[in-house]
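Undergrad: Structure incoming, see below.
Derivation of every value follows stated rules applied to the coordinates shown; laboratory data play no part. This one's a predicted model, so the numbers in the text were calculated from it and none came from an experiment. Cβ: placed from backbone, ideal geometry, glycine included. Neighbour counts: every protein chain shown.
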Amino acid sequence: MAEAIRIIGIDPGLRQTGWGVVETLGNSLRFIAAGTVSSDGKAELATRLCQLHDGLVEVIDFHQPLEAAVEQTFVNKDAVATLKLGQARGIAMLVPARAGLAVAEYAPNAVKKAVVGVGHGDKRQIHMMVKVLMPKAVFNTEHAADALAIAICHAHHRQSAARLARVG
């Protein structure tokens, strides 16, 4: 008999890193938890990265996911902001990897397509569809909602991969 797979989705950000945990079993999705790890905007960069690291370690230790998914960084016009976001994303990938989890990466358009059905949905559509797919989902920030969308995307992708493996 198949067992439920617990997945953590992570939406990296230097100020706020969203996280969302879901369980998938067959075609079903179940909301477990979601939240945001924040860093002190007045602190030095290294301290802020440590705050994100420690917060994500706590979340993973508490919720015990088996797999992780992280959104890929988009490049914006501000090179300094992009570099800082990349460092936060490094933490978002490092923490689950150090916990022994496989870490998948998804482009923002892939997440939107998996949740909304098109690759160019706006934030409101994504958050609405997260609630449609998981009516019991509760999220305190848009980052937590985005993290749930990333976890949903991973659940859909792993389901497709399993189907392909059975066919092939």
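Undergrad: With the requirement that a residue be in contact with a Ser or Thr (Cβ under 9 Å, 6 or more places away or on another chain), over 16 Å from His143 (Cα atoms) and not in a helix (DSSP H, G or I), what does the stretch 56-88 give you?
TA: Passing the criteria: Val75, Asn76.
Undergrad: Here's a check for you: in the stretch 107-123, which residue that is assigned to a helix (DSSP H, G or I) and in contact with a Gly (Cβ under 9 Å, 6 or more places away or on another chain) is farthest from Ser38 (Cα to Cα)?
TA: Among those that are assigned to a helix (DSSP H, G or I) and in contact with a Gly (Cβ under 9 Å, 6 or more places away or on another chain), it is Lys113.
Undergrad: Sticking with this one: Could you list all residues from the stretch 46-80 that are within 14 Å of Ala151 (Cβ to Cβ) and touching an Asp or Glu at 6+ places or on another chain (Cβ under 6 Å)?
TA: Hits for the stretch 46-80 are Val70, Glu71.
Undergrad: Among the residues of the stretch 89-106, are any part of a loop (DSSP other than H, G, I, E, B) and under 13 Å from Val22 (Cα atoms)?
TA: Scanning the stretch 89-106 turns up no residue that is part of a loop (DSSP other than H, G, I, E, B) and under 13 Å from Val22 (Cα atoms).
Undergrad: Every residue in the stretch 124-150 that is over 12 Å from Val22 (Cβ atoms), outside any loop (DSSP other than H, G, I, E, B) and of a type outside the set (Gly, Ala, Ser), please.
TA: Arg124, Gln125, Ile126, His127, Met128, Met129, Lys131, Val132, Glu142, His143, Asp146
Undergrad: Hey, among Phe62, Phe139, which residue is farther than 17 Å from Ile5 by Cβ, free of Cβ contacts under 8 Å to residues at least 60 places away in the same chain and aromatic (Phe, Trp, Tyr)?
TA: That would be Phe62, the only listed residue that is farther than 17 Å from Ile5 by Cβ, free of Cβ contacts under 8 Å to residues at least 60 places away in the same chain and aromatic (Phe, Trp, Tyr).
Undergrad: Suppose we filter Asn76, Asn109 for residues that are surrounded by fewer than 19 Cβ atoms within 10 Å (Cβ to Cβ), within 15 Å of the chain's Cα centre (by Cα) and on the phi < 0 side of the Ramachandran plot; which single one remains?
TA: Testing whether each residue is surrounded by fewer than 19 Cβ atoms within 10 Å (Cβ to Cβ), within 15 Å of the chain's Cα centre (by Cα) and on the phi < 0 side of the Ramachandran plot leaves just Asn109.
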